[in-house]
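Inspection log for the structure reproduced underneath, given as structure tokens.
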Amino acid sequence: MRINLARLKRDLEELGCIGRTPQGGVSRPSFSDADMQARRWLVDRISAAGMVARVDAAGNIFGRWQSGSPVVLVGSHIDSVPNGGRFDGALGVLAVLECLRRVKEEGVRLRHPLELVAFTDEEGAFGGFFGSYAFTGVLRAEDIQQAKDSKGLRIVDAMARHGMDAMQAPAAYRDPKDIRAYVELHIEQGPVLEARQIPIGIVDAIVGIHRYGITFRGRADHAGPTPMPDRKDALLGASDLVLKGRELALKAGSPASRITVGVVQLKPGVANIVPAEAYLTYEIREQSAGLLRLLAEKSQALAADIARTWELEVFVETILQIDPVPLAEEVKAAIAAAAQEMGLQQLRMPAMAGHDAQVVGRVAPAGMIFVPSKDGRSHSPLEFTADEDVERGANVLLLALLKLAAE
Ligand SMILES: [Zn+2]
């Protein structure tokens, strides 16, 4: 059995027209008008395929045609970052839709029903993973009350605009016993598969992320009269940490380790004043929990060392700590067998970005299939995956689902 590429492409093109930007990307942040239009479109497509569509209390969309439990849950998300690409998330959801249509057309009897899911706010307009957190029972009332977008719009108000009560979202909880496995097809969003000309990536683990806010504090002095040796320049500390953090990732990390400073803010931020304060965000990503912890400890020691060297004070605040999530061996095995059956080369690799699979993967066996991203571009209108890669990925998904649903 194989998927119908023409039909899948038509869906990708239609969904790619919703929230289209002049640059050729899409803007569909969760609960925006474009996202709501995309949701209505998806529900229509599920119904048109002869399946039952359902929206839960968190706005997650489901589609299935067989009743029963436990299910093999398959999906991704249809929201996007502002001016993002047409494949991120959308490919996963539409590939499942196509797989379900094919299974239904062929009248294949499965031991476990297949169920499509499109999770709410994966991309984080309101913080991220709202739908999968609710679904897995980790969304708390205070998280909902506090969730806001970058303009300060509360998710409570954003959902109310569309007649939904955000405070009811925890009712979306589903007993993990009802989930046989969760599978997500996604674009790689990085350059590895394309560079190595390997069509299928099997995700080993989803990286953990530690994010810190680090402030170096020195002294504001006049840029003219204050001699170079007498300064307490906070930016020197920050700059030193940027360079030494990079070295740390390269020397003490694994090939999957990343250390990134994405924000630097100076006070007073005036051309003729030595910076008194430098604030930076310092983010570490790594797939091994032990190594992630080690890199975090070394980074903190590094910041303290650097502060001493430049005669500064340093303050470290923790912004985010997400542990890595290893994916399930049985799901990886099903994907590997599917790729092998199609004669496709495959690569075990970590996922370096966040995905709903890391949330569902904490309560049920989860797996992810990656397909190549042209030039590794993502979260951009330049995001692109070639037809043959879309087709291969969707077919590997189909065969893997059949295996998981039959066991
Ligand atoms: Zn995504």
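A few remarks follow.
- Qualifying residue in the range 250-259 (condition: among the polar types (S, T, N, Q) and under 27 Å from residue 61 (Cβ atoms)): no
- Residues in the range 189-201 that are more than 16 Å from the ligand (Cβ to nearest atom) and of a type in the set (Gly, Ala, Ser): 195 alone.
- Restricting the range 301-342 to residues that are at pLDDT 95 or above, touching a helix residue (DSSP H, G or I) at 6+ places or on another chain (Cβ under 7 Å) and of a type in the set (D, E, K, R) leaves a set whose member that is farthest from residue 182 (Cα to Cα) is 313.
- The residue of the range 155-179 that is nearest to residue 360 (Cα to Cα), among those that are free of Cβ contacts under 8 Å to residues at least 24 places away in the same chain and not in a loop (DSSP other than H, G, I, E, B), is 166.
- Taken together, 109, 40, 45 contain a single residue that is at pLDDT below 95 and not hydrophobic (A, V, I, L, M, F, W, C), which is 109.
- Residue tally, condition basic (Lys, Arg) and either touching a Phe, Trp or Tyr at 6+ places or on another chain (Cβ under 9 Å) or within 21 Å of residue 353 (Cα to Cα) (or both), over the range 243-266: 2
- Sole exception among (1) among the hydrophobic types (A, V, I, L, M, F, W, C); (2) surrounded by 24 or more Cβ atoms within 10 Å (Cβ to Cβ); (3) at negative phi for residue 138, by number: (2)
- Test for residue 94: is it away from the ligand (no atom under 16 Å from the Cβ), out of contact with any strand residue (DSSP E or B) (no Cβ under 6 Å at 6 or more places or on another chain) and of a type in the set (A, V, I, L, M): no
- Residues that are closer than 17 Å to residue 78 by Cα, modelled with pLDDT of 95 or more, in contact with a Lys or Arg (Cβ under 9 Å, 6 or more places away or on another chain) and within 16 Å of the ligand (Cβ to nearest atom) are absent from the range 171-188 altogether.
- The one condition from (1) of a type in the set (A, V, I, L, M); (2) over 25 Å from residue 138 (Cβ atoms); (3) part of a loop (DSSP other than H, G, I, E, B) that residue 57 does not meet is (2).
- Tally, over the range 64-80, of residues that are more than 14 Å from the ligand (Cβ to nearest atom) and touching an Asp or Glu at 6+ places or on another chain (Cβ under 9 Å): 8
- Within the range 267-287, considering residues that are without any contact (Cβ under 8 Å) to a residue 60 or more places away in the chain and surrounded by 18 or more Cβ atoms within 10 Å (Cβ to Cβ), the one farthest from residue 354 (Cα to Cα): 274
- Scanning the range 155-184 for residues that are farther than 22 Å from residue 354 by Cβ, surrounded by 15 or more Cβ atoms within 10 Å (Cβ to Cβ) and of a type in the set (Lys, Arg) yields one hit, 180.
- Matching strands (runs of 3 or more DSSP E) fully within the range 198-263 where at least 3 residues are of a type in the set (A, V, I, L, M) and under 34 Å from the mean Cα position of the chain (by Cα): 200-206
- Top-ranked residue in the range 9-53 [being of a type in the set (Lys, Arg) and assigned to a helix (DSSP H, G or I); ranked as surrounded by the most Cβ atoms within 10 Å (Cβ to Cβ)]: 39
- Verdict on residue 138 being among the hydrophobic types (A, V, I, L, M, F, W, C), more than 16 Å from the ligand (Cβ to nearest atom), over 20 Å from residue 14 (Cβ atoms) and in a loop (DSSP other than H, G, I, E, B): yes
- Subset of the range 144-154 (residues that are part of a helix (DSSP H, G or I) and under 12 Å from residue 58 (Cβ atoms)): 144
- Restricting the range 72-116 to residues that are buried (at least 24 other Cβ atoms within 10 Å of the Cβ) and of a type in the set (Val, Ile, Thr), the residue that is nearest to residue 155 (Cα to Cα): 78
- Top-ranked residue in the range 102-124 [being within 16 Å of residue 43 (Cβ to Cβ) and touching a Leu at 6+ places or on another chain (Cβ under 9 Å); ranked as farthest from the ligand (Cβ to nearest atom)]: 115
- Residues that are free of Cβ contacts under 8 Å to residues at least 40 places away in the same chain and part of a loop (DSSP other than H, G, I, E, B), drawn from the range 300-355: 343
- Per-region count, the range 356-382, residues surrounded by fewer than 24 Cβ atoms within 10 Å (Cβ to Cβ) and outside any helix (DSSP H, G or I): 10
The values are calculated or read from the model by the stated rules, or taken from the named source; none is laboratory data. Worth saying up front: this structure is predicted, and the values here are computed from it rather than measured. Cβ sites come from the backbone with ideal geometry, for glycine too, and all protein chains shown count toward neighbours.
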